[in-house]
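Step one of this worksheet: look at the structure below.
The values are calculated or read from the model by the stated rules, or taken from the named source; none is laboratory data. Small disclaimer: the values here were computed from a predicted structure and weren't measured. All Cβ positions, even for glycine, are placed from backbone atoms using ideal geometry, and neighbour counts span all protein chains on display.
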Amino acid sequence: MVESAESKKIFVLDTNVILHDPNSLFAFEDNEVVIPIYVIEEIDHFKKDLSELGRNAREAARILDGLRVDGSLTRGVATNGGGTVRVAITNRDLPPEFCYGDAADNKIVATALNCAELSDGREVTFVTKDVNLRIRADALGLRVEDFDSERTDISELYSGVAEIELPGESIDKFYRDGRLSLPDPYYYPNQFAFLKDIANPAHTALGKLNLDAETVEPLIQVKEAVWGIRPRNREQCFAIDVLMNDNIKLVTLVGKAGTGKTLLAIAAGLHKVTEESIYQRLLISRPIFPLGRDIGYLPGDIEEKMMPWMQPIFDNVELLMGASRSERRRGRSYQELMDMGILEIEPLTYIRGRSIPNQVIIVDEAQNLTPHEVKTIISRAGDNTKFILTGDPYQIDNPYVDSTNNGLVHIVNHFKSERIAGHITLMKGERSDLAELAANLL
């Protein structure tokens with residue numbers, strides 16, 4: 001049965017939805033999407049920005065202009081998905097007690113209310129990523145939703161580890177033979193295994209899954225500490241393995257503060273560049289929040305401008321220098337590594353358009369990136385380049401993403417079935433007892 005036009009739903013979009021994802025105009029299947037004219041005015045304010053918001057604003061304007069060519073936006077233009085997109089304007093006012101704050105927000109909500117009053121019984125939903133505006137709209141009787149094309153419950157995020165309970169003799173066989181047939185081969189590529197004795201929980205083993213042979217195999221054995229760093233718990237053992245595996249070109253490390261994700265990534269990157277010469281350089285960056293923000297107002301060259309954001313990286317490098325037992329490393333600073341071309345810092349703003357071969361690239365605090373930004377960054381990878389993304393989905397500074405739909409979580413979900421990618425969620429804090437308590441209790 002074909003759905004009638006009268007039974008289709010109406011979705012009224014706020015500005016932040018379109019700035020988050022310009023293609024959100026086509027994300028509502030065969031329903032009607034309404035863009036208040038005030039949204040277009042707000043988008044126009046962003047179009048000259050050099051940030052990701054500016055790029056999204058320009059893309060949204062191009063999409064709407066393309067629709068305009070196909071028909072009247074006032075009456076509605078059909079989309080390929082069977083829906084329609086139209087631009088609406090209203091003279092309706094909100095009740096006086098709701099008229100506060102941003103005038104454009106008030107007009108956008110008023111447009112949604114007007115659509116609900118003229119909907120002829122069709123369901124009208126106001127879609128916005130602004131929490132407070134959702135509350136205000138709900139108080140006015142509107143049906144409201146957040147926009148999330150890729151929402152994932154953070155508690156259900158893929159951990160990269162499978163806990164497998166086995167008889168004790170099977171674990172003994174694994175230690176003896178160096179491999180063990182999988183009882184059930186339905187796992188993800190590059191997934192790790194925590195083997196646990198059914199009768200004795202203290203009798204355990206760590207391994208990684210080989211889906212081709214349908215076996216559990218031992219982890220990579222690093223003869224010496226990786227730049228003075230040895231893993232302190234099982235997740236760190238898994239992280240070292242995936243970081244040192246040259247066949248894995250995309251690594252994601254997720255964990256709360258103090259779990260060692262950034263330190264392990266830098267240690268492995270420096271080892272691959274200096275000890276094994278697999279890559280030419282270690283390039284490290286963090287989002288200058290928001291991504292693309294102009295750093296020209298800070299004094300100095302790029303390195304000096306980046307210093308406030310990159311200092312945590314330098315702290316980790318200095319720690320590694322002190323932890324290293326090598327005489328040629330001890331006492332040296334990150335500046336020497338930079339002068340030698342081993343270590344480089346790069347604002348993410350300038351990565352767009354580049355092709356970066358033969359390097360280890362670490363993107364720290366990747367939870368502050370949108371899915372589109374992460375796609376832009378990873379697509380810069382040239383031949384023989386390894387990307388390492390680290391972050392904590394619970395520490396979000398970007399108002400346009402949250403713990404469930406940020407770029408880091410997006411990559412974990414979309415690459416978990418790919419043989420070229422590996423992921424580990426680090427659970428236990430190792431920075432200090434105080435840092436662990438703070439992360440857990442506060």
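The residues on offer are Arg136, Arg151, and the sole one that is modelled with pLDDT under 90, of a type in the set (D, E, K, R), surrounded by 19 or more Cβ atoms within 10 Å (Cβ to Cβ) and closer than 30 Å to Ile10 by Cβ is Arg136. Hey, does the range 337-346 have a residue that's touching a Lys or Arg at 6+ places or on another chain (Cβ under 9 Å), within 23 Å of Leu53 (Cα to Cα), of a type in the set (Gly, Ala, Ser) and modelled with pLDDT of 80 or more? No, the range 337-346 contains no residue that is touching a Lys or Arg at 6+ places or on another chain (Cβ under 9 Å), within 23 Å of Leu53 (Cα to Cα), of a type in the set (Gly, Ala, Ser) and modelled with pLDDT of 80 or more. Looking across the range 277-324, the residues that are within 22 Å of Ile378 (Cα to Cα), modelled with pLDDT under 80 and touching a strand residue (DSSP E or B) at 6+ places or on another chain (Cβ under 7 Å) come down to Met306, Met310. If you go through the range 395-415 and keep only what is of a type in the set (Gly, Ala, Ser) and surrounded by fewer than 23 Cβ atoms within 10 Å (Cβ to Cβ), you end up with just Ser403. Only residues in the range 132-144 that are under 13 Å from Cys115 (Cβ atoms) count as the first member; pair them with residues that are surrounded by fewer than 12 Cβ atoms within 10 Å (Cβ to Cβ), Cβ under 8 angstrom, at least 6 apart or cross-chain, and list the lot. Within 8 Å, the pairs are Leu140/Pro95. Count of the range 184-234 residues, restricted to those that are farther than 19 Å from Val161 by Cβ, among the hydrophobic types (A, V, I, L, M, F, W, C) and under 29 Å from the mean Cα position of the chain (by Cα), is 3. Of all the listed residues (Ala267, Ala257), the sole one being within 30 Å of Gly207 (Cβ to Cβ), modelled with pLDDT of 65 or more and either charged (D, E, K, R) or not in a loop (DSSP other than H, G, I, E, B) (or both) is Ala267. Only one entry of Val39, Val69, Val77 meets the criterion of being touching a residue at least 12 places away in the same chain (Cβ under 8 Å) and β-branched (Val, Ile, Thr), and that entry is Val39.
Inspect the range 386-393 for any residue being surrounded by fewer than 19 Cβ atoms within 10 Å (Cβ to Cβ) and either at pLDDT below 90 or touching a Leu at 6+ places or on another chain (Cβ under 9 Å) (or both) and give the result as yes or no. Checking the range 386-393: not a single residue is surrounded by fewer than 19 Cβ atoms within 10 Å (Cβ to Cβ) and either at pLDDT below 90 or touching a Leu at 6+ places or on another chain (Cβ under 9 Å) (or both).
For every residue, the table says whether it meets (1) assigned by TED's automatic domain parsing to the domain that holds Asn190; (2) at pLDDT 90 or above.
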| residue | (1), (2) |
| --- | --- |
| Ser72 | no, yes |
| Arg86 | no, yes |
| Asp102 | no, no |
| Leu113 | no, yes |
| Ser119 | no, no |
| Phe126 | no, yes |
| Leu140 | no, no |
| Leu157 | yes, no |
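The rows are residues; the columns are (1) more than 19 Å from Lys256 (Cβ to Cβ); (2) assigned to a loop (DSSP other than H, G, I, E, B); (3) in contact with an Asp or Glu (Cβ under 6 Å, 6 or more places away or on another chain); (4) not charged (D, E, K, R).
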site	(1), (2), (3), (4)
Asp383	yes, yes, no, no
Thr390	no, no, yes, yes
Pro393	no, yes, no, yes
Pro399	yes, yes, no, yes
Asp402	no, yes, no, no
Val409	no, no, no, yes
Ser417	yes, yes, no, yes
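Listed here are the residues, each with its yes/no results for (1) in contact with a helix residue (DSSP H, G or I) (Cβ under 7 Å, 6 or more places away or on another chain); (2) in contact (Cβ under 8 Å) with a residue 60 or more places away in the chain.
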position: Thr385; (1), (2): no, yes
position: Thr390; (1), (2): yes, yes
position: Asn398; (1), (2): yes, yes
position: Asn406; (1), (2): yes, no
position: Ile411; (1), (2): yes, yes
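Here Gln367 meets the list (1) within 11 Å of the chain's Cα centre (by Cα); (2) at pLDDT below 85; (3) closer than 23 Å to Gln191 by Cβ almost entirely, failing just condition (2). Of the residues examined, Asn200 is not one that is part of a loop (DSSP other than H, G, I, E, B), outside the structural domain of Arg431 (by TED's automatic domain parsing) and surrounded by 18 or more Cβ atoms within 10 Å (Cβ to Cβ).
Take the conditions part of a strand (DSSP E or B), in contact (Cβ under 8 Å) with a residue 40 or more places away in the chain and within 15 Å of Phe147 (Cβ to Cβ) and apply them to Val33. Does it pass? I'd like the intermediate steps shown before the answer.
Numbers: part of a strand (DSSP E or B): yes; in contact (Cβ under 8 Å) with a residue 40 or more places away in the chain: yes; within 15 Å of Phe147 (Cβ to Cβ): yes.
Yes.
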